[in-house]
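In what follows, a single structure is set out as structure tokens and then discussed.
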Amino acid sequence: MLAWNAAESMWIRAIGQLSQASREGRLVTRQIYEVKSDFFKTLGHPARIRVLELLRDGEHSVGELIPEVGLEASHLSQQLGTLRRANILQTRKVGSTVFYSVTDARIFELLEVAKAIITSSLAESGQLLAALETLEFVGRPARR
């Protein structure tokens, strides 16, 4: 009976370790999804997307971005700060002028994929709208 208890104890420990590894794996997986979610939340503002589109052509100063983005300086600074804290933008200072650029040019690929998805979705919506416009309703429902 003692041998059985030792083997049983070994299996219980092994199962406990697997259970712990599984919990840790779920924790890591959840953390990965949270990081991804935070990344997309950072991109989830029209002004931030506009800034990134403008930076496709290279770095720009805040003064150059203000008229193009259409925000007051203080609001634009908040949006730039959000992108900078997320390590999407980097800065370079020359005198009192701060220049912004992207830290990783692959962000432009992401924006292109998003544009393609949105374009496809809008095209499908346009086709549905066109089909709906061609429908003819023969009679009106009776009013009560």
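Please treat every number below as a calculation from the coordinates, not as lab data. Only a predicted model underlies this, so the values are computations on that prediction, with no experimental measurement involved. Cβ: placed from backbone, ideal geometry, glycine included. Neighbour counts: every protein chain shown.
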Exercise. Regarding residue 114, is this residue within 20 Å of residue 44 (Cα to Cα) and touching a residue at least 40 places away in the same chain (Cβ under 8 Å)?
Worked result: no
For this session: Determine the pairs where a residue that is within 16 Å of residue 104 (Cβ to Cβ), located within the range 74-89, has a partner that is in a helix (DSSP H, G or I) and of a type in the set (A, V, I, L, M) with Cβ atoms under 7 Å apart, the partner being 6 or more residues away or on another chain.
Result: 83/51; 88/107; 89/80; 89/83
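Looking only at residues in the range 96-119 that are under 19 Å from the mean Cα position of the chain (by Cα) and small (Gly, Ala, Ser), which one is farthest from residue 86 (Cα to Cα)? So that I can check it myself, show each step before the final result.
Applying the first criterion (under 19 Å from the mean Cα position of the chain (by Cα)) to the range 96-119 yields 101-119.
From what is left, the residues that are small (Gly, Ala, Ser) are 101, 105, 114, 116.
Numbers: 101: 13, 105: 15, 114: 19, 116: 24 Å.
Of everything passing the filter in the range 96-119, 116 is farthest from residue 86 (Cα to Cα).
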Problem set entry | Inter-residue pairs, beta-carbon under 9 Å, first surrounded by 17 or more Cβ atoms within 10 Å (Cβ to Cβ) and in the range 49-61, second among the aromatic types (Phe, Trp, Tyr), 6+ apart | 51/100; 52/108; 55/100; 55/108; 60/99; 60/100
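Taking the condition of being at positive phi and out of contact with any helix residue (DSSP H, G or I) (no Cβ under 9 Å at 6 or more places or on another chain), how many residues in the range 46-100 meet it? Talk me through it step by step, then tell me what you get.
Filtering the range 46-100 for residues at positive phi gives 58, 70, 87, 95.
If we keep only those that are out of contact with any helix residue (DSSP H, G or I) (no Cβ under 9 Å at 6 or more places or on another chain) too, we end up with 58, 87, 95.
Final tally of qualifying residues: 3.
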